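Okay, structure first, notes after.
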10 protein chains.
Amino acid sequence: MLFMLRIDVSIPPEMPQAEKDKLRERENARAAEYINEGTLIRIWRIVGRVANFSVWEAPTLEALHDKVSALPMFPYMKIDVTPLINHPATEVAEARNSSAAVRKK
Amino acid sequence: MLFMLRIDVSIPPEMPQAEKDKLRERENARAAEYINEGTLIRIWRIVGRVANFSVWEAPTLEALHDKVSALPMFPYMKIDVTPLINHPATEVAEARNSSAAVRKK
Amino acid sequence: MLFMLRIDVSIPPEMPQAEKDKLRERENARAAEYINEGTLIRIWRIVGRVANFSVWEAPTLEALHDKVSALPMFPYMKIDVTPLINHPATEVAEARNSSAAVRKK
Amino acid sequence: MLFMLRIDVSIPPEMPQAEKDKLRERENARAAEYINEGTLIRIWRIVGRVANFSVWEAPTLEALHDKVSALPMFPYMKIDVTPLINHPATEVAEARNSSAAVRKK
Amino acid sequence: MLFMLRIDVSIPPEMPQAEKDKLRERENARAAEYINEGTLIRIWRIVGRVANFSVWEAPTLEALHDKVSALPMFPYMKIDVTPLINHPATEVAEARNSSAAVRKK
Amino acid sequence: MLFMLRIDVSIPPEMPQAEKDKLRERENARAAEYINEGTLIRIWRIVGRVANFSVWEAPTLEALHDKVSALPMFPYMKIDVTPLINHPATEVAEARNSSAAVRKK
Amino acid sequence: MLFMLRIDVSIPPEMPQAEKDKLRERENARAAEYINEGTLIRIWRIVGRVANFSVWEAPTLEALHDKVSALPMFPYMKIDVTPLINHPATEVAEARNSSAAVRKK
Amino acid sequence: MLFMLRIDVSIPPEMPQAEKDKLRERENARAAEYINEGTLIRIWRIVGRVANFSVWEAPTLEALHDKVSALPMFPYMKIDVTPLINHPATEVAEARNSSAAVRKK
Amino acid sequence: MLFMLRIDVSIPPEMPQAEKDKLRERENARAAEYINEGTLIRIWRIVGRVANFSVWEAPTLEALHDKVSALPMFPYMKIDVTPLINHPATEVAEARNSSAAVRKK
Amino acid sequence: MLFMLRIDVSIPPEMPQAEKDKLRERENARAAEYINEGTLIRIWRIVGRVANFSVWEAPTLEALHDKVSALPMFPYMKIDVTPLINHPATEVAEARNSSAAVRKK
């Protein structure tokens, strides 16, 4: 079950730099964990913003909510969740891209 | 160079069904062509809407615009283009998912 | 898996009355079918509008999209889909209300 | 008399954790009280947000306002109140679901 | 039970004048009927627009919806319904104004 | 000369309770004064919000602005002012309601 | 009593040119009439749009509404009415500008 | 060269009263200076808000920006600048109003 | 005197292709004329839309409005006009880029 | 590869003046550096706002994001990035303007 998340992050500029660094470090660690377990499938930064698009896979809505709300930066995030289904064209594309992924970008 | 496109389609309900079918058929053929050439990397339908999210790869902005504006349904589309860059977490995820893509979903 | 749908319907005022009646009849029949099969759990009209809130249950996102996009009035609808999970307070409430539902409203 | 409430909660991130915990505890106790007395009929969390949809039943608008504005988190809430009436399809659905509620979800 | 309605009317400019006149006549007749029965308590035109604010009294939400959706211009209206309760200051004001209403404006 | 005001009040949650109480007390006293002098004709609370709709009568725009901007909570208010005129249906309604106001609500 | 009006005009592009010309001619004649009688005090076109800002003076809200809604292009206008009062600085400015108006712009 | 400015002012309520008074005094002095030199042609308060509409005349865009951004309250202002040109009806109106300005309002 | 224009074009999809072609041809001819005379300084297409950003230079606001409203596609355009002034950094950049413009892109 | 950026800056009014000055100085130095290296091609101030439009050239989206997010004022900026391509009319205009840039404005 796939979901597109658009996440906009608003860390208050006046937060001490050390606190910001620690927060970001914990955020990255959590993201890595989610990637390793296959929850967070893909994530891209949005150019010129502190924001990202990401594709999540979760067996239940409860699992998705638990993962997302456990992100260390969650209290500073504005999140839009969009449920996705495969487009007829997707299977073709996924097969093709999986073999190509190693040399891409 | 990657871009997220959110496309909302508004075919007028009063368009004759035969015309709608022909338009959709041409749209699907064009999408398949873009997938085969590696321009349209991924596309998901948005649940409950005639809309989709898609990830495009293009060597130049000119190439992206040419492909998008040549879609047969372009006159009926509202399109938001968001330039993307890889998130530090992406490489890890892409390597992992490319091998997993065959058994996924 | 639960979803809240807010649906706003815009039938063009100039549609002939007979066509409107037939469309509404088909819509009601489809809704009854979805209720009987347990997909459409609850539906309320919004006072003063041609709009409604409804709670849907679906095993997959694909199933939800198929059901929603097969509604006869779908081409005239603006739909917002919100994924829901139970609130800690819900189980208590559901147990309590299921026995009370017969005499309610 | 039924109402749909969409409630978005904005607890300031800088509120001390102990204060947040106490506030949430008081909120949950009040919600349980409203469920027990039959005012708060159903409540669902919105996935990925600190927000919820809920259905309230109240004999008067005054009673609804008193209950809602007495929620401990009321000063941190943005609330949209939508008056609801039964959809022709609702009675059928309610009868059917009340018996099914025990084995659901 | 009181409700504030903000109604914006959009009659298509190309509707034949005779049809517009008939529609308005029927609308006025219905409004008068609602005033006489005590459903439509007050109504004011908004300066510079084809729009109005009105206060409605209804024993149930079903009654309110039935009255509003039976307005002849309903298919051309955008309606916002806001449930109202008396402000502590209202009783004083109502008593005072009821005696003054004859000479006002 | 009549005006509809929609007022949304945003008292900062962190204001000390004693200060809030004093502010509200001063606000109520001023409102009562305006009612007594016939400036503030009617006021209703909006259910589920710290907000209200009110009808004001003023001989000049200057008088209206002076009264409104002298409200003790003015610095915390977002105010929309809509100039009103009588709807053809209003005179009938006012005559009818003035005699009925004593037993209403 | 002064009012600022922002008027945006949307004549349908498909209206026959002769009809557009006649409509505009009637609109200009009415505007001239309002200027001569002192209702329409000032009017400026907004650069790059079919829109304008204008200052109106009217003894009553009823008079303002009657004048505005009698504009031939009224069915094609979106109008925002903002009640104005003199700023302390205005009297000085008006005296100064009235003598300067002849050589200005 | 004429411009309409809509300015909304948001002085934080917690600013000490003495500071507010000083700021307003400096703002008024600057406005008077601009009126005297013919930059700020007209200014009206918006009823019920801390906001105004004003008409500015400036020989260049640079001059306009310098004047506006030198307002003491500039850091607390949200400003919309709309370039204006004379409406065909304006010359007639200006001639007429300049002689009438002494007895007006 | 410089202005940024954001122009969004909405040609109705049902306009006959021959008419669209003629309209676009006339639009291009007019744009070329404006470029040659130095009114339209720069124009860029927005990727994925029928829209553009352009920089215009005009001696007066009247001249700008005349040029813009004479565009053949003007009735199908939504235009936002933003007055611009040079940023301190601009002179440096302009000098540098003018010599570089020949080999760029 | 060209991009239009609209940047709105919100420095908190309560930031000490010395800190503001230092921040602006660092911002200007960085902008000059970007101009010298050919990343920041053009920048204009928006009249009446602390905001600007700017045209950027970057070989990759990564390069653009790195430059933009390294601006000292980045934490106080709201940025909209719009990918641009040349309009057919652009080459003509660029050639013409590069020779004219020395005597312009």
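Please verify whether D:T39 is over 15 Å from the mean Cα position of the chain (by Cα) and closer than 30 Å to E:H87 by Cβ, treating the condition exactly as stated. Answer is no for this residue.
Does any residue of the stretch D:84-94 turn out to be surrounded by fewer than 17 Cβ atoms within 10 Å (Cβ to Cβ) and under 19 Å from F:R49 (Cα atoms)? No: zero hits. Scanning the stretch C:48-57 for residues that are away from chain E (no Cβ under 14 Å) and touching a Lys or Arg at 6+ places or on another chain (Cβ under 7 Å) yields C:S54, C:V55. Restricting the stretch B:1-57 to residues that are surrounded by 21 or more Cβ atoms within 10 Å (Cβ to Cβ) and among the small types (G, A, S) leaves a set whose member that is nearest to C:D66 (Cα to Cα) is B:G48.
Okay, residues lined up against (1) closer than 20 Å to A:I46 by Cα; (2) at pLDDT 95 or above; (3) touching a helix residue (DSSP H, G or I) at 6+ places or on another chain (Cβ under 7 Å):
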residue	(1), (2), (3)
B:Y34	no, yes, yes
B:L40	yes, yes, yes
B:A58	yes, yes, yes
B:L64	yes, yes, no
B:P75	no, yes, no
B:P83	yes, yes, yes
B:A95	no, no, no
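In the stretch I:33-42, how many residues are within 8 Å of chain J (Cβ to nearest Cβ) and more than 19 Å from G:R49 (Cα to Cα)?
Residues of the stretch I:33-42 that are within 8 Å of chain J (Cβ to nearest Cβ), as a first pass: I:35-36, I:38, I:40-42.
Applying the additional criterion that residues be more than 19 Å from G:R49 (Cα to Cα) yields I:35-36, I:38, I:41-42.
Qualifying residue count for the region: 5.
Taken as a whole, the stretch G:81-91 holds no residue that is more than 12 Å from chain H (Cβ to nearest Cβ) and in contact with an Asp or Glu (Cβ under 9 Å, 6 or more places away or on another chain). So how many residues does the stretch G:67-78 have that are under 19 Å from G:A32 (Cα atoms) and either touching a Ser or Thr at 6+ places or on another chain (Cβ under 9 Å) or part of a loop (DSSP other than H, G, I, E, B) (or both)? The qualifying residues number 6.
Residues in the stretch C:58-75 that are over 17 Å from A:L61 (Cβ atoms) and in contact (Cβ under 8 Å) with a residue 40 or more places away in the chain were compared, and the one that is surrounded by the fewest Cβ atoms within 10 Å (Cβ to Cβ) is C:A70. Being more than 27 Å from F:V47 (Cβ to Cβ) and part of a loop (DSSP other than H, G, I, E, B) is the filter; apply it to the stretch E:1-32 and report the residue that is nearest to the other protein chains (Cβ to nearest Cβ). If we take residues in the stretch E:1-32 being more than 27 Å from F:V47 (Cβ to Cβ) and part of a loop (DSSP other than H, G, I, E, B), then E:P13 is nearest to the other protein chains (Cβ to nearest Cβ).
The values are calculated or read from the model by the stated rules, or taken from the named source; none is laboratory data. This one's a predicted model, so the numbers in the text were calculated from it and none came from an experiment. For neighbour counting, all protein chains shown are included, and Cβ atoms are generated from backbone atoms with ideal geometry for every residue, glycine included.
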